[in-house]
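If you scroll down you'll find the structure; I have some questions about it.
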Amino acid sequence: MISNKNLEVVTVGGGCFWCVEAVFNEVKGVEKVVSGYMGGTVPGTPTYREVCSGLTGHAEVVQVTFDPSVISLEDVLVVFMTSHDPTTLNRQGGDVGTQYRSVIYYNNDKQKAFAHLVAKEIAPFYENPIVTEISPVETFHKAEDDHQKYYANNQTAPYCSAVITPKLAKLRKMHADKLKNVTV
């Protein structure tokens with residue numbers, strides 16, 4: 001890997017981080033995707049079990065490191081906003097709770113502006129209003145190792161087969177031009 005690239009990082013949450021991580025692992029220009037937690041109200045480093053309780057205030061998120069010379073921030077956010085339902089509050093499918101909220105954590109004014117722009121651009125394509133939270137970045141807590149590259153390591157697990165595989169099929173139809181060479 002070339003270390004002199006001008007990489008950017010944006011942190012997003014749209015339901016279970018296993019799903020969002022699997023999506024971004026297929027996107028051209030994405031160098032790294034790390035699952036974790038952000039936005040909580042309790043001190044210390046949360047565990048998966050604590051976050052799943054819904055009591056910590058954290059969201060399941062992924063930190064996406066990308067090369068803006070390959071994929072723009074706007075395209076990263078469009079892929080994110082169209083790969084989950086940004087109109088459901090605190091839920092994605094069967095995953096319910098504030099830890100599954102739709103959120104974009106921005107690092108700077110440019111990311112904040114693009115987050116609002118993309119939310120406005122995609123709003124007409126949805127029947128219900130966009131409820132994606134757009135907030136300044138907070139402390140990122142990397143999730144435990146068994147949650148990293150979850151789909152890649154567990155494709156035949158029931159949740160992966162039922163939820164993530166269909167999500168990736170939709171991604172491949174909608175954003176084929178933005179994807180790495182993957183087998184369909």
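The values are calculated or read from the model by the stated rules, or taken from the named source; none is laboratory data. All values derive from a computational prediction rather than experimental measurement. Positions of Cβ are generated from backbone atoms using ideal geometry, with glycine treated the same way; all protein chains shown enter the neighbour counts.
Among the residues of the stretch 128-139, is any farther than 30 Å from LEU55 by Cβ, at pLDDT 95 or above and touching a Pro at 6+ places or on another chain (Cβ under 9 Å)?
Within the stretch 128-139, none of the residues are farther than 30 Å from LEU55 by Cβ, at pLDDT 95 or above and touching a Pro at 6+ places or on another chain (Cβ under 9 Å).
Answer yes or no as to whether LYS110 is over 19 Å from GLY39 (Cβ atoms), surrounded by fewer than 15 Cβ atoms within 10 Å (Cβ to Cβ) and of a type in the set (Lys, Arg).
Spelling it out, LYS110 is indeed over 19 Å from GLY39 (Cβ atoms), surrounded by fewer than 15 Cβ atoms within 10 Å (Cβ to Cβ) and of a type in the set (Lys, Arg).
In the stretch 140-182, which residues are among the β-branched types (Val, Ile, Thr) and within 16 Å of the chain's Cα centre (by Cα)?
VAL163, ILE164, THR165
Looking at ARG91, is it at pLDDT below 95 and within 15 Å of the chain's Cα centre (by Cα)?
When the stated conditions are applied, ARG91 passes them.
For the stretch 145-168, give me each residue that is acidic (Asp, Glu) and in contact with a Phe, Trp or Tyr (Cβ under 9 Å, 6 or more places away or on another chain).
Listed by number, the list holds a single entry, ASP146.
To continue, here is another question. Pick from the stretch 22-77 the residues that are out of contact with any strand residue (DSSP E or B) (no Cβ under 7 Å at 6 or more places or on another chain) and of a type in the set (Asp, Glu): which of them is surrounded by the most Cβ atoms within 10 Å (Cβ to Cβ)?
ASP75
Pairs please, first residue from the stretch 18-37 and closer than 21 Å to HIS58 by Cα, second anywhere and part of a helix (DSSP H, G or I) and acidic (Asp, Glu), Cβ atoms under 9 Å, 6+ apart in sequence or on different chains.
VAL33/GLU21; VAL34/GLU21; SER35/GLU21; TYR37/GLU50
I would also like to ask the following. Would you confirm whether any residue within the stretch 104-119 is under 24 Å from ARG172 (Cβ atoms), touching a Lys or Arg at 6+ places or on another chain (Cβ under 9 Å) and not aromatic (Phe, Trp, Tyr)?
Within the stretch 104-119, one or more residues are under 24 Å from ARG172 (Cβ atoms), touching a Lys or Arg at 6+ places or on another chain (Cβ under 9 Å) and not aromatic (Phe, Trp, Tyr).
What are the pairs, 6+ residues apart or on separate chains, where a residue within the stretch 128-153 that is under 16 Å from ASN107 (Cα atoms) and in contact (Cβ under 8 Å) with a residue 24 or more places away in the chain has its Cβ under 7 Å from a residue that is basic (Lys, Arg) and in a loop (DSSP other than H, G, I, E, B)?
Listed pairs, sorted by first residue: GLU133/ARG101.
Continuing with the same structure: How many residues are closer than 30 Å to ASN6 by Cα, of a type in the set (A, V, I, L, M) and in contact with a His (Cβ under 9 Å, 6 or more places away or on another chain) if we restrict to the stretch 33-60?
The qualifying residues number 1.
Hey, VAL103 hits all of (1) in contact with a helix residue (DSSP H, G or I) (Cβ under 8 Å, 6 or more places away or on another chain); (2) surrounded by 17 or more Cβ atoms within 10 Å (Cβ to Cβ) but one; which does it fall short on?
Going through (1) in contact with a helix residue (DSSP H, G or I) (Cβ under 8 Å, 6 or more places away or on another chain); (2) surrounded by 17 or more Cβ atoms within 10 Å (Cβ to Cβ) one by one, VAL103 breaks only (1).
Among the candidates SER83, SER102, SER35, SER72, which residue alone is polar (S, T, N, Q) and within 16 Å of HIS147 (Cα to Cα)?
Only one candidate passes the filter, namely SER35.
Can you find even one residue in the stretch 141-149 that is surrounded by 14 or more Cβ atoms within 10 Å (Cβ to Cβ) and assigned to a helix (DSSP H, G or I)?
Looking through the stretch 141-149, at least one residue is surrounded by 14 or more Cβ atoms within 10 Å (Cβ to Cβ) and assigned to a helix (DSSP H, G or I).
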